[in-house]
1. Take the residues in the range A:121-130 that are modelled with pLDDT of 95 or more, at the interface with chain B (Cβ under 7 Å from one of its Cβ atoms) and not in a loop (DSSP other than H, G, I, E, B); name whichever of them is farthest from residue A:101 (Cα to Cα).
2. For residue A:91, only one of the following conditions fails: (1) outside any strand (DSSP E or B); (2) touching a residue at least 24 places away in the same chain (Cβ under 8 Å); (3) surrounded by 13 or more Cβ atoms within 10 Å (Cβ to Cβ). What is its number?
3. Quick one: in the range A:5-40, of everything that is near DNA strand D (Cβ under 10 Å from one of its atoms) and among the polar types (S, T, N, Q), which residue is surrounded by the most Cβ atoms within 10 Å (Cβ to Cβ)?
4. Answer yes or no as to whether residue A:56 is within 14 Å of chain B (Cβ to nearest Cβ), out of contact with any Leu (no Cβ under 6 Å at 6 or more places or on another chain) and of a type in the set (Val, Ile, Thr).
5. Does residue A:21 qualify as being outside any helix (DSSP H, G or I), within 14 Å of DNA strand C (Cβ to nearest atom) and not assigned by TED's automatic domain parsing to the domain that holds residue A:102?
6. Test of understanding: among B:25, B:48, which residue is within 17 Å of the chain's Cα centre (by Cα) and more than 14 Å from chain A (Cβ to nearest Cβ)?
7. Looking at the range A:106-146, which of its residues are open to solvent by 30 Å² or more (accessible area, probe 1.4 Å), under 18 Å from the mean Cα position of the chain (by Cα) and aliphatic (A, V, I, L, M)?
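The values are calculated or read from the model by the stated rules, or taken from the named source; none is laboratory data. The shown structure was predicted, so the numbers you read here are calculated from the model rather than taken from an experiment. Please note: Cβ atoms are built from the backbone with ideal geometry, for glycine as well, and neighbour counts cover all protein chains shown. Ligands, DNA and RNA are stripped out before the accessible areas are found, and what is left, the full protein with its side chains, is counted by its heavy atoms. Shrake-Rupley method; radii C 1.70, N 1.55, O 1.52, S 1.80 Å.
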There are 2 protein chains.
Amino acid sequence: MKEFSEYLVELKNLIKKRGLKHSAQRELILKILFHAKEHLSPEDIYNQVKKINPAIGLATVYRTLSFLEKEGMVDSVSFGAEGKRYELNRGEHHDHIICLECGKIIEFYNEELERLQEKIATGCGFKLITHQLNLYGLCKECQKDD
Amino acid sequence: MKEFSEYLVELKNLIKKRGLKHSAQRELILKILFHAKEHLSPEDIYNQVKKINPAIGLATVYRTLSFLEKEGMVDSVSFGAEGKRYELNRGEHHDHIICLECGKIIEFYNEELERLQEKIATGCGFKLITHQLNLYGLCKECQKDD
DNA sequence: TTATGTGCAAACTCTTTGCATTACC
DNA sequence: GGTAATGCAAAGAGTTTGCACATAA
């Protein structure tokens, strides 16, 4: 598993390559994403960031997330209505299965599924670039409650 | 292929069952969805509705779409960032493949894919209720432009 | 030194809500 | 006649933008 320092180097290289400047804010946001155990909303990130540096602005969080997403260092996912959430791109693509009752999210990866999608896209004349698949259902615990 | 009158009957039955009241607005919005060739945003629907009845309010469009979606008569999909879009539920589930260049959307259905998703959900201990799969890529025409 | 990044506040977009009025049953 | 639906406008939530100032290179 990649360490934070490796992601940091990646970020710094990226910034240099684009002729931009490093900042403590970007590093901090990257660190929060690295340590996140779940998918974070901009607001979530903002709240965590403020604990360490109360002066930071929400706009910086949005700008940084847009930047990181455009550069491919983070991925965004949206479940249902509640806006986009972000996760660090750890190089292992996965999809999500979401419990409609309790909101629990499980990540999964299925090789066969990936191949099938590729086949479908090709069949439609498309060159597949990416995809988002969300399965919605009831988790084991919430099935009992009915 | 089901005719509009059949959807209208379905809507009226639904309204009766819930102890609610029919309205020309709801009927009009249903009709617009029925004739739509693509996925419509609330704003799209509002603009079409206004041509026929300029007095109608955007809030009514939102309220009607929420109602129809909750009752399963329409489905919503979201592609990328641009908010939810709506389509009439014609009883044939399908997924979408979207061209990142020109925005073209193709609908497809794949039995094997459906089965596989069911299997994955079960494997995670979930009871699958629904899903949304969007494939993103370049369509045949846009591949040439590169 | 100079261009980029930031914080703040205002602006914007999309959606929801409260309320008086209208329309269905 | 009574209740639900509507239109309007205002309020909310989430996100973006302009600008003066701070800061990395």
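1. A:127
2. Of everything listed in (1) outside any strand (DSSP E or B); (2) touching a residue at least 24 places away in the same chain (Cβ under 8 Å); (3) surrounded by 13 or more Cβ atoms within 10 Å (Cβ to Cβ), residue A:91 misses just condition (3).
3. A:25
4. no
5. The answer is yes for residue A:21.
6. Only one candidate passes the filter, namely B:48.
7. A:106, A:129
To keep it simple, each residue is scored yes or no on (1) touching a helix residue (DSSP H, G or I) at 6+ places or on another chain (Cβ under 7 Å); (2) assigned to a helix (DSSP H, G or I).
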site	(1), (2)
A:1	no, no
A:5	no, yes
A:30	yes, yes
A:34	yes, yes
A:38	no, no
A:48	yes, yes
A:55	no, no
